[in-house]
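Participant: Before anything else, here's the structure in question.
The values are calculated or read from the model by the stated rules, or taken from the named source; none is laboratory data. It should be emphasised that the depicted structure is a prediction, and the values quoted were computed from it without experimental measurement. When we count neighbours, we look across all protein chains shown, and the Cβ atoms used for this are built from the backbone with ideal geometry, even at glycine. Heavy atoms of the whole protein, side chains included, go into the accessibility calculation; ligands, DNA and RNA do not. Shrake-Rupley method; radii C 1.70, N 1.55, O 1.52, S 1.80 Å.
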Amino acid sequence: MQPSELRVALFSGNYNYVRDGANQALNLLVGHLLDRGVTVRVYSPTVAEPAFAPTGDLVDVPAFPMIGGRGEYKLGRGLPAKPRADLEAFRPNIVHVSAPEFLGHAALTWARANGVASVASLHTRFETYFRYYHVGFVEPLIERLLTRFYNRADRVVVPSPSMGALLKEWGVTTPIGIWSRGIDHARFNPARRDLAWRRSLRIGDDEMVIGFLGRLVKEKGLDIFADVATRLRERGVPHRVLVIGEGPAREWFAARVPEAVFTGFMSGDDLGRAVASMDVFFNPSVTETFGNVTTEAMAAGVPVVAARATGAVDLVVEGATGFLVPPRDVDAYADAIGEIVGNPAMRRTMGDAGHARAAGYRWEVANEAVLQTYLELLGTR
């Protein structure tokens, strides 16, 4: 079978209305598939003013706002009549689902009922979110529901080996492959470091910048980041906190780190400059399945201190490109950051090693692996 024979129906809970790492990866995948001659149609909730223009043909799925104060995200109402009719007219031979919500379940049900091959991709650790909103007791139940969801697909693709191992621990028996991630190496590299830009933020050339990059939501570990910043101040470790991103928890986070510099949302070459202008990248999140921001920091030559959790354990080489720390150990995080801050030679060596390691992450290679998964799956049916 040739790529031009593929007709892929991709289902997303958020394809372009709020910008995040997951939908950036999905849009890049669709762009790659289109370039390779694949016919693609995307089904997702939409809004009047999305964060960015979608790649490919996008079909609206009726949705309602997510509860729990996260109304910026939408939950598709399964497959109502209009998008279902569009799907049936499209006649896909691959259904790709990217989120384990109502729309994803409905798409898998449709695929099974119509004898269409299905692939599920995993983008974030949904089961961990609940601990940040004081309902962590439901986590075992969510794990069982996720296991059932991924066992309904014909193939599963995950961003990292550690995520594949975790799914197998849960009891997922569906064959699992790797859909890694890539980096824009022209944008994220050490040459983008800009002391003049730092000075414009009133950050001195000799000040050590500890950076955060990501959507400002509690599940990114903002509480731990704030606690570590406090501990560093208590220890007298000189540093400045630089926060790049926007989100509903911004005011809450700003109150916890009042000395921090907040740039708001950044993209393009401006983002590459900001990341390269950090001295340590701190990522305490345990919700990552890969950690695009971690590889971007590494590509920019910035040492990384991250939670010892899925994603980061596949990227950060302990003691060589940074440090991995038990996820909620504030003192251990402070120790690791303090060691890098206080040792310029280590900082340079780790930055160089991270830059070299990140060179292997390329979008065209990662996305081609998904295309080959489609072709292999159809070849076995």
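Participant: What is the helix-to-structure angle for 222-235, meaning the angle in degrees between its Cα long axis and the longest Cα principal axis of the chain, kept from 0 to 90 and rounded to the nearest 10?
Facilitator: The helix 222-235 is inclined about 10 degrees to the chain.
Participant: In percent, what relative contact order does the stretch 147-306 have, based on Cα pairs under 8 Å that are 6 or more apart in sequence?
Facilitator: The value is 29 percent.
Participant: Tell me whether the stretch 255-380 comes out rounded, prolate or oblate; compute the Cα gyration tensor, take square roots of the eigenvalues as a ≥ b ≥ c, and use a/c under 1.5 as the rounded threshold.
Facilitator: Judged from the Cα gyration tensor, the stretch 255-380 comes out prolate (a/c at least 1.5, a/b above b/c).
Participant: Taking the simple approach of a point 7 Å from Cα along Cα-to-Cβ for both Glu368 and Lys168, what is their distance in nm?
Facilitator: Each label point is offset 7 Å from its Cα along the Cβ direction, giving 2.6 nm.
Participant: Using a 10 angstrom cutoff on alpha carbons, build the Gaussian network for the chain and name the most mobile of Ala53, Ala320, Ala369.
Facilitator: Its mean-square fluctuation being the largest, the pick is Ala53.
Participant: Determine which residues of the stretch 98-120 fall in the zone a paramagnetic label at Glu376 would reach in this model, i.e. backbone nitrogen under 18 Å from the point 7 Å along Cα→Cβ.
Facilitator: 117-120
Participant: When the solvent-accessible surface of protein heavy atoms is calculated with a 1.4 angstrom probe, in what order do Arg250, Arg235 fall, highest first?
Facilitator: Arg235, Arg250
Participant: If you don't mind, another one. Would you work out the Kirkwood radius for the stretch 281-333? I mean one over the mean of 1/r across all pairs of different Cα atoms, in Å.
Facilitator: The answer is 10.6 Å.
Participant: Please list, short to long, the whole-number percent of alpha-carbon pairs of the chain in consecutive 10 angstrom bins beginning at zero.
Facilitator: 5, 23, 33, 24, 12, 3, 0
Participant: If you don't mind, another one. Report relative contact order for the chain in percent, whole number only (criteria: Cα-Cα under 8 Å, sequence separation at least 6).
Facilitator: 15 percent
Participant: Something else about it: Report the residue, chosen from Ala226, Ala22, Ala51, that carries the largest GNM mean-square fluctuation when the chain is represented by alpha-carbon nodes joined by springs under 10 Å.
Facilitator: Answer for the Gaussian network model of the chain: Ala51.
Participant: Please say if the stretch 118-189 is rounded, prolate or oblate, where rounded means a/c under 1.5 for a ≥ b ≥ c the square roots of the C-alpha gyration tensor eigenvalues, and otherwise the choice is prolate for a/b larger than b/c and oblate otherwise?
Facilitator: oblate
Participant: Would you tell me the accessible area of Asp269, worked out with a 1.4 angstrom probe on the heavy atoms of the protein chains, in Å² to the nearest 10?
Facilitator: Accessible surface of Asp269 is approximately 80 Å².
Participant: Suppose accessible area is computed on protein heavy atoms with a 1.4 Å probe; arrange Lys168, Lys218, Lys82 from highest to lowest.
Facilitator: Correct descending sequence by accessible area is Lys82, Lys168, Lys218.
Participant: Let me ask something else about it. Using only Cα atoms and rounding to the nearest 10 degrees, what angle (0 to 90) does helix 139-151 make with the longest principal axis of the chain?
Facilitator: Result, in degrees: 50.
Participant: OK, next. Apply the a/c threshold of 1.5 to the C-alpha gyration tensor of the stretch 18-102 and tell me whether it is rounded, prolate or oblate.
Facilitator: Oblate.
Participant: Helix 363-379 versus the longest principal axis of the chain: what angle, 0 to 90°, nearest 10, using Cα atoms?
Facilitator: 30 degrees
Participant: Among all the lysines, which ones have a C-alpha under 26 Å from Lys218's C-alpha, if same-chain residues fewer than 8 places away are not counted?
Facilitator: Straight-distance partners of Lys218: Lys74.
Participant: So with the 1.4 Å probe, I'd like the accessible area per residue for the chain, rounded to whole Å².
Facilitator: Numbers: 15480 Å² over 381 residues.
Per residue, the chain has an accessible area of 41 Å².
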